[in-house]
Amino acid sequence: MSSPSLPSVIFCDFNGTITNRDMLAALVGSYGHREFLRRISDARSHGLLSLRERIAAEARVITCTLDEADARLTSLVEFDTTFISFYRQRIREAVSLTIVSSGIEELIVRALDRHGIRRVPLFANGVEPRPDGWRVLFRDSTPEGNAKRPYVEAAQRNGYRVVAIGDDESDFAMALLADVRFAKRASPLHRFLEARDVSHHAFNTFDDVSEQLAEQGLLAR
């Protein structure tokens, strides 16, 4: 199959996409705040909290250091190791791969570094760890805290074909605008796209993503 007429860029979520669960929520739950998480989730499902407000609320109940949080997360959250080969292949092909996340940059960088991934561009929220509760340093003033749609819009304005990979609500707008969509199988994003009959590829691991990209000639070689 011939290469696409436009060069491609990939925007990929982190929490729940490269990992098996959201790191911030896992950390909050590990400190015994499960009832708090349930109330936050209920408030989100009823439209009473924005994503930004949920993230800020979850962060405020965390009082440990970044080192302590990272050490705890290594046993709480699984990293999809197939992302490592996916990342290396994109580097070899000189295809732009960027991680865009509503999560905490400092925690994501540590998780990536543990798996030898140090050169991938990352846009996520910062954090100020405080003993009276973490404060999130959001990238923008949107209800998402780090809106992903503008990244796609900017790439498309510059003539790129956008591949979006995600799993959750924070990826909805990015996926709808993208040219090619990958949704973690059985995830909220997968259900969202199916309900709207929007074309997409469901995947379990990044081996599945690589296979689909190769089969469909979505990336220049």
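Just so you know, all these numbers are worked out from the coordinates, no wet-lab data involved. Here the structure is a predicted model, which means the values were calculated and not measured. Note: ideal-geometry Cβ built from the backbone for every residue, glycine included; neighbour counts use all protein chains shown.
Farthest towards the positive end of the charge dipole of segment 1-92, among the residues Phe14, Leu37, Ile91, is the Cα of Ile91, using unit charges on the Cβ of Lys, Arg, Asp and Glu. Within segment 177-221, the proportion of Cα pairs with more than 13 Å between them is 56 percent.
The length gained on full extension between Leu137 and Gln216, counted as 0.36 nm times the residue separation minus their Cα-Cα distance, comes to 24.5 nm.
Provide Rg over Rh for segment 81-124; use the alpha carbon set for both Rg and the Kirkwood Rh (inverse mean inverse pair distance). Result for segment 81-124 is an Rg/Rh of 0.95. Projecting the Cα atoms of Met174, Val77, Ile55 onto the charge dipole of the chain, computed from C-beta unit charges around the Cα centre, puts Met174 farthest toward the positive end. For Arg118 and His46, a Förster radius of 35 Å and the Cβ-Cβ distance give a FRET efficiency of 0.30, rounded to the nearest 0.05. Post the alpha-carbon centroid distance, segment 9-36 to segment 131-184, in whole angstrom. For segment 9-36 versus segment 131-184, the Cα centre distance is 16 Å.
Where does the chain land on Rg/Rh, using Cα atoms and the Kirkwood Rh? Rg/Rh: 0.96.
Across all directions, the average projected area of the convex hull around the alpha carbons of segment 123-212 is 7.5 nm².
Average 1/r across all pairs of distinct alpha carbons in segment 1-110, invert it, and you get the Kirkwood radius: 15.9 Å. A simple spin-label model places pseudo-atoms 7 Å from Cα toward Cβ; at Arg21 and Arg39 they are separated by 2.1 nm. Counted by neighbouring Cβ atoms within 10 Å, the residues Asp207, Asp171 run from fewest to most as Asp207, Asp171.
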